[in-house]
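A.B. asks: If you scroll down you'll find the structure; I have some questions about it.
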C-alpha cells in the first residue's frame with residue numbers, strides 16, 4: 001500500500017495554483033489547465049498531456065486511476081473533500097483533480113490542408129463539439145479571432161471528449177488578422193452563412209488548402225470575414241428552419257468540404273501519403289543496394305537482407321521468410337533457390353519448412369558487408385549521427401504502431 005503524500009492546507013502552493021486554474025486568465029498566465037474528474041484525467045493520459053500532479057479524495061486510495069497515474073510517474077496528493085471543493089469552486093465533490101501543462105505548438109509548426117477558424121463562437125459546448133467533429137476528419141488545426149481564446153473550460157473538454165488536448169490552436173488578434181494570416185499562408189477561405197451566394201453542395205473549390213470559417217451563434221460570421229472570403233456558402237435547409245446549431249452546421253460543412261477538398265487535391269494527397277513515401281524510400285534504398293551488388297555478385301538486395309536476418313534469428317520458417325521479404329509462392333522459390341543450391345542456406349528439417357544460415361553463407365555475408373554499409377552511407381549522406389538515430393527510432397515506432405493492427 002502506498003503512503004500517499006497529504007496536503008491539508010488551502011494555502012499550500014499546489015492548492016493555490018490549482019484554484020487559479022479555474023479561470024481563463026489563470027490558465028493563460030500559467031500555461032496550464034485544470035483536469036476536473038477521472039474521465040478528463042484519463043483523456044489527458046491517453047493523449048500524452050504532461051500532468052504535473054493530481055489531487056485526489058483521501059477516501060479513494062485504491063482507485064485504478066491512481067495505478068495508471070503511478071505508471072505515468074504522476075505525483076498524487078491526498079486531500080480532503082473541503083479542499084477539493086475549494087479547488088473546483090463547486091458544492092459537490094469531484095474526487096480527482098489534476099494540473100496539466102498546455103502543450104505549446106512546435107517552433108516550426110505548419111498548419112494542415114484543412115483548418116477551421118472560429119469567428120466569435122462563444123458557447124463552450126459548441127466549441128468542444130466542433131473540435132471533436134473536426135478531429136473525426138483528421139482536422140487538428142484551429143484558429144480563433146480572439147487573442148485570449150481559451151480551450152480549457154471543463155465544458156469544452158467534455159464536449160470534445162478530450163480532443164482539446166490534441167488540438168493545435170492559433171489565436172489571432174482579430175477577424176482581420178485571422179484572414180490576413182490565412183491568405184498569407186495560401187488558404188482559400190470558405191465562410192458559412194444563411195445568405196451565402198453558393199450552395200455548399202455545389203461549391204467549386206480551388207486546388208489549395210482550405211480554411212472553413214464558422215461564426216457566432218447569434219450574429220454568424222463577421223462582415224469583414226464575409227467580405228474577404230473566397231466563397232460564402234450556405235447549407236440548403238427547409239424554409240421553416242432559419243439556421244442550424246453551429247456545431248451541427250460545422251459537422252455538415254466539414255464532411256462536405258473535406259470530401260470536395262480531397263477530390264480536388266487528390267494528386268497532392270497521394271504524393272504526401274506516408275505509406276507511399278515509405279514505399280518509395282524503401283524501393284530506392286533496395287535499388288541502390290541491388291545496383292552495388294550487381295557489380296560483384298549475382299545476388300540481389302533482398303537475398304542479402306535475408307542472410308542478414310538469418311544471421312540474427314538463426315532459424316526462420318518459410319512463412320516468416322515470406323513475410324519479411326514480401327515474397328510468396330514462385331517468387332519465394334526464385335529468391336531461395338540460388339541460396340540453397342550454392343549452400344549459403346540450408347533446410348533444418350525433413351519437411352523443408354525452415355531454413356538456417358550456413359558457414360558459407362556467413363562468409364558471403366562478411367564479403368558483401370562493405371557494400372551494404374556503403375549503400376547505407378550513400379542513402380544517409382548529409383545526415384548527422386543524431387539524425388540517423390532519430391530516423392531509426394521513428395521507423396521502429398512506426399513499425400510498433402502498425403503491429404498493433406496486424
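A.B. asks: Specify the residue with the greatest mean-square fluctuation among 351, 381, 373, computed from a Gaussian network of the chain linking alpha-carbon atoms under 10 Å apart.
C.D. replies: Top of the fluctuation ranking is 351.
A.B. asks: Then there is this: At 7 Å along Cα-to-Cβ for each site, give me the label-to-label distance between residue 348 and residue 174 in nm.
C.D. replies: Spacing of the two 7 Å Cα→Cβ label points: 7.4 nm.
A.B. asks: Kindly put 131, 40, 7 in sequence by how many other C-beta atoms sit within 10 Å of each C-beta, fewest to most.
C.D. replies: Lowest count first: 7, 40, 131.
A.B. asks: On to the next question. Expressed as a whole percent, how much of the Cα-Cα distance distribution for region 1-83 exceeds 20 Å?
C.D. replies: Everything past 20 Å amounts to 33 percent.
A.B. asks: Using packing as a proxy for protection, rank 287-296, 185-194, 203-212 so that the peptide with the highest average count of other Cβ atoms within 10 Å comes first.
C.D. replies: Order by mean packing, descending: 185-194, 203-212, 287-296.
A.B. asks: State the extension gain, in nm to one decimal, for the chain segment bounded by residue 252 and residue 398, taking 0.36 nm per residue of separation less the distance between their alpha-carbons.
C.D. replies: Gain in length upon complete extension: 49.3 nm.
A.B. asks: Sticking with this structure for a sec: Any idea what % of Cα-Cα pairs in region 1-147 are farther than 27 Å?
C.D. replies: Value for region 1-147 (Cα pairs over 27 Å): 29 percent.
A.B. asks: By what distance, in whole Å, do the Cα atoms of the chain stretch along each of the three principal axes, largest value first?
C.D. replies: Reported extents, whole Å, longest axis first: 79, 65, 41.
A.B. asks: How big is D, in µm² s⁻¹, for region 274-403 by Stokes-Einstein at 20 °C and 1.002 mPa s if Rh is the Kirkwood radius over C-alpha pairs?
C.D. replies: D, rounded to a whole number, is 134 µm²/s.
A.B. asks: Quick one: order 353, 302 by neighbouring beta-carbon count within 10 Å, fewest to most.
C.D. replies: Ordered from fewest to most neighbouring Cβ atoms within 10 Å, 353, 302 come out as 353, 302.
A.B. asks: Determine the percent antiparallel among the DSSP beta bridges restricted to the chain, to the nearest 5.
C.D. replies: Antiparallel bridges make up about 40 percent of those DSSP assigns within the chain.
A.B. asks: Ranking 248, 315 by Cβ neighbours within 10 Å, fewest first, what do you get?
C.D. replies: The order, fewest Cβ neighbours first, is 315, 248.
A.B. asks: Sticking with this one: Which distance in nm do the two modelled labels at residue 224 and residue 16 give, with both placed 7 Å along the Cα-to-Cβ direction?
C.D. replies: 4.0 nm
A.B. asks: Could you give the Stokes-Einstein D for region 114-269 in µm² per second, using the C-alpha Kirkwood radius, 20 °C, 1.002 mPa s?
C.D. replies: For these conditions, the coefficient is 139 µm²/s.
A.B. asks: Per the helix-only calculation at 222 nm, which mean residue ellipticity applies to the chain, given -39500 (n - 2.57) for every DSSP H run of n ≥ 4 and division by its residues, nearest 500 deg cm²/dmol?
C.D. replies: -14500 deg cm²/dmol
A.B. asks: Just to verify a number: FRET efficiency for residue 47 and residue 73, C-beta to C-beta distance, R0 = 22 Å, to 0.05?
C.D. replies: The formula returns an efficiency of 0.85 here.
A.B. asks: If I model a spin label at residue 360 and residue 199 as a point 7 Å from the Cα along the Cα→Cβ vector, what separation in nanometres do I get?
C.D. replies: Label-label distance for residue 360 and residue 199, simple model: 7.5 nm.
Throughout, read-outs are computed from the coordinates displayed, never taken from laboratory work. Note that the structure is a prediction, hence the values are computed from the model and not measured. When we count neighbours, we look across all protein chains shown, and the Cβ atoms used for this are built from the backbone with ideal geometry, even at glycine.
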